[in-house]
Protein chains: 2
Amino acid sequence: GAASRGAARGTGGRDMARGSSTQTSHRLLAYSDALLSIIATVMILPVAHTKIHPDQKLGESVQQLLLAKIAVYLMTFLIVTVAWAAHVRLFQVIELIDDVLALLNLVSLVKISHFSLMASFPDVPFGIFLFSVCAVIIGLIQALIVAYGFYHPHLLNQQIQVSENQNFYKRHILKIILRGPILCFLAAIFSFFFIPLSYVLLGLVIVFPHLSRFITWCKTKIVGERDEEEHGSLETFTFYLSEPLSKERVEAFSDGVYAIVATLLILDICEDNVPDPGEVREKFHDSLLEALSEYGPNYLAYFGSFVTIGLLWFVHHSLFLYLTKATRLMGLLNILSLAFIGGLPLAYQLTSEFAERSHNEIEAIQVSCVITFFASIFQFAIWTTALLHERETLHPFARYGGKEHAFMFAKLALYPCVSLGAFFLTCLLSEFSTAIFHLMQIVIPFAFLALRIFVRIALAILKSVMSFSRRKVVLLEEEEACLSSGETLS
Amino acid sequence: GAASRGAARGTGGRDMARGSSTQTSHRLLAYSDALLSIIATVMILPVAHTKIHPDQKLGESVQQLLLAKIAVYLMTFLIVTVAWAAHVRLFQVIELIDDVLALLNLVSLVKISHFSLMASFPDVPFGIFLFSVCAVIIGLIQALIVAYGFYHPHLLNQQIQVSENQNFYKRHILKIILRGPILCFLAAIFSFFFIPLSYVLLGLVIVFPHLSRFITWCKTKIVGERDEEEHGSLETFTFYLSEPLSKERVEAFSDGVYAIVATLLILDICEDNVPDPGEVREKFHDSLLEALSEYGPNYLAYFGSFVTIGLLWFVHHSLFLYLTKATRLMGLLNILSLAFIGGLPLAYQLTSEFAERSHNEIEAIQVSCVITFFASIFQFAIWTTALLHERETLHPFARYGGKEHAFMFAKLALYPCVSLGAFFLTCLLSEFSTAIFHLMQIVIPFAFLALRIFVRIALAILKSVMSFSRRKVVLLEEEEACLSSGETLS
């Protein structure tokens, strides 16, 4: 990944030196990734900012409202990731950009940013219509970018440039990019007649790529050889297009989500939890210290959530450092993990608003634990998936039995274990649930610092136990050897 | 820049292959840049969200409040950039990271995020005290990172690793990093006695690096040779540390600011300008179309601001593509440009809140024009600075007289000219100020698309004029030659 990108950049440098107006797309793609991840994650805000009175029980109506909003969030998040995936495929084919492409890309980003507006009316036919039309327009802009790229072949990927089947590539990439918008077009039509069908179609946009892949996988498993041949003849054309996701862009998109979640926390604390100068004067007799200590629990919740995001990013960073490439299944798991990461502002709102002063304390803490658990367990799942094909996807020292394997395992297992533990502990000791949760958030960073030492001690113990048992084996063997030599002697 | 980073990554890859637990810092630094730029830019929110009643004249008290808030924004923005600059220097010395450094870095980021809290009480002694103490703690954490790095020399930059003067380097980098915090420590002490002095000290933190550089520059100009020698003996030690800013990190920081400003726009439109389902039912008789058209002008303002940010990013991107390295002066100009970019959410608030329905229409539009003008004129200044040392800082084809020079000039000059034009036009035609402003925002993208054509036409005309005059010269010369040959003949 890094090496090939380096090489690509190298050629870009040479192009620049030739004085052409084309450019490598590196920084443009990084910026697009940042904006796309922001647009996807911002959708959590209507959920997080649902106003619930602290004294009000989480009644059925409020729960249904929250669930409906969460469903809309997940759907929009996943549809934006589909647009992002199309963007990734697109710029695997088009490697150099010129000004027109840069401007077209900006237009498509502006259009994608409209998603967040359109998703506000999930139960009105016209709202769904607007949402779907928005997706169709994005698809058309991306198709326009493809058309422009193939009209100026020097912008294309080297392999496609020299290939004789450019038209095949063009049709193939257009098929991938327009698959989603066509479904959205149907959803737009049906939105006025039968809303559930529209939702089914929009859901299909999300699962279609994975579904089609799963079906081909099943087919090859069941039918076997015959299909393999057919696949083989196609492969010669599409080996590049069916390449796994670009690891670098997966990282950039993830970084964007982590950064924007941290931002949402900063914004929340800046907007709601800073005492007003007037308030300080009247309520706290001009003593800022008193005013700030009033907000203390909120700052603690903020600090805890910020640290949680930071550490989950740290785990993600360590994990992707050990990967050599990202397969499509890993990409899917990563996006699911990110969807839950995007839920962390909700967790922060719940713990800071409800905790310690409402009837919904346990529910709030438990929802936070569940969000943290799923965000981290999907990271663990990425690691497990990588281990299944460790020769292709992992650096040697991270593979099973490698030097860093045990340590990586401990790093990834820490958050799922602790959040699960906190969840069940709050069930048992429901009165101390807030205390348990905050204790967990504060202890974990130290656990990370000491993790290497723990793992080393555990490994040392394991080793000494194993070497002890081995010495036993050796002793036994020697005895046997003595005996056998004695036998041969006798 | 890119090449050396590629090389650094290459060695990182080798380190990884050796199975050590150290890592290259690339992704960590990108993430830090994103967070630091977010923290710096978020400080605009208290300014943008100042509540002013639409019918209220911008009286002196409101103006003073706004000015005070803008001053606080600028100061905090610049102090965060000082922390960022220290961060850049720090990780030029420490090139590889391990888990402890990654965690320490996260702690320093959490601490820097507290700045946004601390800046909310600019007129209370305790508020300034907290702000300064925050800066001191950040400095101490960065010093801890340096100490850790020099304690584990394999993490250091190759050149420093092999050098015999490691201790000198250590003291030098500590001096650079702790300079700011020491001034902040003094500011913290004086905050309880004499607030203006605290502010002078905090201001000194911002200008000190540039001031000291300017003074040495003046000294060498005035005193000349004698100082040069002394400087020379130091240079052998510090040639690496006094290297200009890393271009890649300047780009990453800038991208972060542009992305977060776009985000703030998205957040604003999502929070304030989406009609409530209840409101739609009651006020607009369940007609979403009617409700949305009510908010039409807001969407236009949003669209215009988003496009402005996108295009300013596009200009920045083109500019940095043509640079080969970033000097410190260019870094300073870039940060000033970014500070005004950070003001764009204020411009959006002004144009969407006030425009077309208040007494402050012209003021709002003019402030927006001024912000856009300064953001773009500082970009132009970067280009001018680069041209002064074009052999060192520019790619050959972008230099004066190069193929792309005229085009780049037009690109950079477009926004300053148009915003200045709009400003004076609103003075003349004050009744149509909003219309002029929105027209400007919508026309500019098309101007960018047609820019290359315009420039080509202009160059073609220029060329034909010049070739015509040259032909005249040639003709004259030929005549002269004929005459002189005639003379020699005769």
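Bear in mind these aren't lab numbers, they're just calculated from the coordinates by the rules spelled out. Since we're looking at a predicted model, the values are computed, not measured. Neighbour counts are summed over all protein chains in view; Cβ atoms, including those assigned to glycine, are modelled from backbone coordinates with ideal geometry.
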- Message: Give me the inter-chain shielding for B:254-263: mean count of other chain Cβ atoms within 10 Å, whole number please.
- Response: 5
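What is the diffusion coefficient of the stretch A:415-482 in µm²/s, taking the Kirkwood radius over Cα pairs and the Stokes-Einstein relation at 10 °C with a viscosity of 1.306 mPa s?
Here the translational diffusion coefficient equals 103 µm²/s.
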- Query: Which FRET efficiency value, to the nearest 0.05, do you get for A:Val200 and A:Lys175 by plugging their Cβ-Cβ distance into 1/(1 + (r/R0)^6) with R0 = 25 Å?
  - Reply: 0.70
- Item | Calculated diffusion of the stretch A:63-116, Stokes-Einstein form, Kirkwood radius summed over Cα pairs, 10 °C and 1.306 mPa s, µm²/s | 122
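For a footprinting-style exposure proxy, rank A:Thr384, A:Thr434, B:Thr220 by other Cβ within 10 Å, fewest first.
Values: A:Thr384 11, A:Thr434 21, B:Thr220 14.
Starting with the residue having the fewest Cβ neighbours, the order is A:Thr384, B:Thr220, A:Thr434.
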- the stretch A:86-156: relative contact order as a whole-number percent, Cα under 8 Å and 6+ apart: 45
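What pairs from A:Lys221/A:Lys325; A:Lys170/A:Lys247; A:Lys219/A:Lys247; A:Lys411/B:Lys170; B:Lys247/B:Lys463 go past 26 Å between their alpha carbons?
Working: A:Lys221/A:Lys325 24 Å; A:Lys170/A:Lys247 24 Å; A:Lys219/A:Lys247 28 Å; A:Lys411/B:Lys170 32 Å; B:Lys247/B:Lys463 35 Å.
Beyond 26 Å: A:Lys219/A:Lys247; A:Lys411/B:Lys170; B:Lys247/B:Lys463.
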- If each part is reduced to its alpha-carbon centroid, the stretch B:381-449 and the stretch A:65-134 end up apart, in Å, by 31
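What order do you get for A:Leu428, A:Leu300 when you list them from fewest to most C-beta neighbours inside 10 Å? Please report the intermediate quantities before stating the final value.
Working: A:Leu428 9, A:Leu300 17.
Neighbour counts put them in this order, fewest first: A:Leu428, A:Leu300.
Per residue of B:186-199, how many C-beta atoms from partner chains lie within 10 Å of its own C-beta, taken as a mean?
Details: counts 0, 0, 0, 0, 0, 0, 0, 0, 0, 0, 0, 0, 0, 0.
That works out to 0 on average.
Rounded to the nearest 0.05, what FRET efficiency is calculated for B:Ala450 and B:Val370 with R0 set to 25 Å and r the Cβ-Cβ distance? Walk me through the numbers on the way to the answer.
On the way: r = 26 Å, r/R0 = 1.06.
Efficiency, rounded to the nearest 0.05: 0.40.
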- Note on the structure: Taking every residue of B:25-33, the Cβ atoms of other protein chains inside 10 Å of its Cβ average out to 4
- Item | Descending principal axes extents, the stretch B:166-217, alpha-carbon based, whole Å | 40, 26, 11
- Please report the orientation-averaged projected area of the stretch A:300-412, defined via the convex hull of its C-alpha atoms, in nm². 7.1
- Item | Sorted by Cβ density within 10 Å, fewest first, the residues A:Met118, B:Met43 | A:Met118, B:Met43
- Near the amide H of A:Leu394, under 5 Å away, which other amide H atoms are found, from residues 5 or more places off or on another chain, if H is placed in the peptide plane? A:Thr324
